[in-house]
Amino acid sequence: MSFTMPGKILEEYTVRNNRLGLVQFGDTRRPIFLDLVPKAHIGDYVRVHVGFATECVPEEEAKRAYEQLVKEGHFKTAELDLEADEALPDATRRLKPR
């Protein structure tokens, strides 16, 4: 089963012509590709699926979706999916702020 996770963009970077962002999901932060959401920037909320932000979402919608995942017990499962996605191992050492 696969989940989309709502997250908040904390930082933006360009690596090898790809837009990446450090995105926060609850207490977890992961580098996420932002190429599919060109209008998303720091402070915006996005839905993330297997390491890619797929759409921008309003803050309230993101919070409701996150709360629903936690309530249904899916957050830990979804968090594990994020950890399994190793699109950019050690990314935080290689990224340069935009």
Which order results if LYS8, LYS63, LYS71 are arranged by neighbouring Cβ count within 10 Å, fewest first? LYS71, LYS63, LYS8
Exposure-ranked with fewest Cβ neighbours within 10 Å first, GLU12, GLU59, GLU72 stand as GLU72, GLU59, GLU12
As a footprinting exposure proxy, order ARG19, ARG64 by other Cβ within 10 Å, with the fewest listed first. ARG64, ARG19
With labels modelled as points extended 7 Å from the Cα through the Cβ direction, what inter-label distance (nm, one decimal) is found for THR28 paired with HIS41? 2.9 nm
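Since every read-out is calculated from the coordinates, none of them should be taken as a lab result. If you're wondering where the values come from, they're calculated on a predicted model, not measured in any experiment. Methodologically, a virtual Cβ is constructed for each residue, glycine included, from the backbone with ideal geometry; neighbour enumeration extends over all protein chains shown.
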